[in-house]
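S.K.: Got a structure for you, questions after.
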Amino acid sequence: MTEHVCAEIVPIFQQLNHDELIKVSSLVKHHHVEKGEVILSPDSPSQLVIIAQGAAKTYQLSANGKEQLLRVLDAGDFEGEKNLFGVGNDELYVEMLKNSTYCSIETTNFQQLLGSYPSIALKLLKSNAEKIDALEKQNQLLNHDLVEQRLATYLLDLAKTKGSYQFILPMKLKELASFLGTTPETISRKLKLFVQQDLLTQNRHQIEITAPDQLEAIKNA
């Protein structure tokens, strides 16, 4: 891994030239962590964390301690941008899904970058707006009473995002179940039911929607 890999793969830094990337990299700390380690929580220092290699999940805990998945992070994704604008993290956790490498930038150091490169702030605001939009969609999805409605909605939205009815599920059943507010066993049963009803085909994480209109009918039932 090069010294400025984190700066290179994060969209908010992509407009910077080589020398500027080196400057950013001088503020970055690299960490190697194992699956299951929590790298961001309400108790963490105020910082931005960037996934360099591997994958992580962002979630929050309900009042009874139940995990609610918000999103899965891949290489180049980041979390903690609220800290950069003085908004504390009261609820978010980031946990590694596999042995991974991540980078961190302390808030005070990052605020220096914002002064030098205002375009970074604009990209951060855009990223934050996209996350808010995704959370609103998730809340709408969870308003469906039936799990099959939530699953149908999720699959159709994913197909729309991918631009194809054939795609790979971006998360394991455990994470998908948490995202949809149910259990892995229920998700597995509903997927098998959709296959039996000829609504889709499934080969492990590979999905192909074969009857989008019927799936849409389930979504809107």
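S.K.: Taking the Cα centroid of the stretch 170-201 and of the stretch 117-151, what is the distance between the two, rounded to the nearest whole Å?
M.R.: Between the Cα centre of the stretch 170-201 and that of the stretch 117-151, the gap is 21 Å.
S.K.: Hey, what D do you get for the chain in µm²/s if you plug the Kirkwood alpha-carbon radius into Stokes-Einstein at 10 °C and 1.306 mPa s?
M.R.: Here the translational diffusion coefficient equals 84 µm²/s.
S.K.: Out of the GluC sites (Glu not before Pro) in the stretch 62-164, which ones are loop residues according to DSSP with at most 15 other C-beta atoms within 10 Å?
M.R.: Qualifying residues, ordered by number: GLU91.
S.K.: Kindly state, to the nearest 0.05, the FRET efficiency for ASN17 paired with ASN109, given R0 = 22 Å and r defined as their beta-carbon distance.
M.R.: Calculated value: 0.65.
S.K.: How long is the gain from SER188 to SER41 if the chain were fully straight, where each residue apart is worth 0.36 nm and the alpha carbon distance is subtracted?
M.R.: Once the chain is fully extended between SER188 and SER41, it gains 49.9 nm.
S.K.: Does anyone have the angle between helix 147-162 and the longest principal axis of the chain? Alpha-carbon axes, 0 to 90°, nearest 10?
M.R.: The two axes meet at around 50 degrees.
S.K.: In the stretch 59-144, which trypsin sites (Lys or Arg not before Pro) are in a loop and have at most 14 other Cβ atoms within 10 Å, using DSSP for the loop call?
M.R.: Answer by residue number: LYS66, LYS98.
S.K.: Let me ask you something else. Only sites in a loop by DSSP and with at most 16 other Cβ atoms within 10 Å count here; which chymotrypsin sites (Phe, Trp or Tyr not before Pro) in the stretch 47-153 make the cut?
M.R.: PHE85
S.K.: Could you line up ARG189, ARG204 from fewest to most neighbouring Cβ atoms inside 10 Å?
M.R.: Fewest-to-most ranking of ARG189, ARG204: ARG204, ARG189.
S.K.: Could you give the nm distance between label points at ASN128 and GLU34, where each point is 7 Å from its Cα heading toward the beta carbon?
M.R.: 3.6 nm
S.K.: Apply the a/c threshold of 1.5 to the C-alpha gyration tensor of the stretch 144-219 and tell me whether it is rounded, prolate or oblate.
M.R.: It comes out rounded by the Cα gyration axes.
S.K.: Looking at the square roots a ≥ b ≥ c of the eigenvalues of the Cα gyration tensor of the stretch 39-162, which shape do they give, rounded for a/c under 1.5, prolate if a/b is larger than b/c, or oblate?
M.R.: Prolate shape, in that a/c is at least 1.5 and a/b is the bigger ratio.
S.K.: Which residues in the stretch 100-141 have a backbone N closer than 18 Å to a point placed 7 Å from the Cα of ASP157 along the Cα-to-Cβ line?
M.R.: Within reach of a label on ASP157: 127-141.
Only the coordinates and a few stated rules stand behind these numbers; no lab work does. A quick note: this is a predicted structure, and the numbers were derived from the prediction, not measured. Cβ atoms come from the backbone with ideal geometry, glycine included; neighbour counts cover every protein chain shown.
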